[in-house]
Amino acid sequence: MSDTDPDAALERMMAKVAATQEELARVRSNGEALGGQVRVTVDIDGRITDLVLDPALHALHLSDVAAAITAAHTTALTWARAAASEIQRDLHEDPYVAAIAHRTATAGLRKMFARKEPRATYTDTEESHPPQVSESGW
């Protein structure tokens, strides 16, 4: 198989995409707040997969605990996104992937602009005419 063989290139790209998806599925990231009293683990989609709350939190107001959970989740999500970007970098830099992404996006735009929306038709009755809008928008 040569470097210019489209079938071989497609197979390599598909294998790379599959490996990237598998690696992304394994990503877990952690965030903590209140000195580690709140610990959150998220997956690549930002879903919480683990939440650990220190029993000492019972002395805090619930709004403070909620804010700490949110902060820990935000930190974990930031790290998960950074990990995803790093994992996907090789894929995004692949010239075959870039070419396919460009062609797909271009085709999608062409389709979107080619779409013709049906126009409303009105009979000549007062109730069927669209409301008139003044220059002010009201």
Rounded to a whole %, the carbon-and-sulfur portion of the accessible area of region 8-47 at a 1.4 Å probe is 50 percent
Which of the peptides 73-80, 88-95, 25-32, 59-66 is most tightly packed, and how do the rest follow, going by the mean number of other Cβ atoms within 10 Å of each residue? 73-80, 25-32, 88-95, 59-66
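The values are calculated or read from the model by the stated rules, or taken from the named source; none is laboratory data. None of the values given here were measured: they were computed from a predicted structure. Cβ atoms come from the backbone with ideal geometry, glycine included; neighbour counts cover every protein chain shown. Heavy atoms of the whole protein, side chains included, go into the accessibility calculation; ligands, DNA and RNA do not. Shrake-Rupley method; radii C 1.70, N 1.55, O 1.52, S 1.80 Å.
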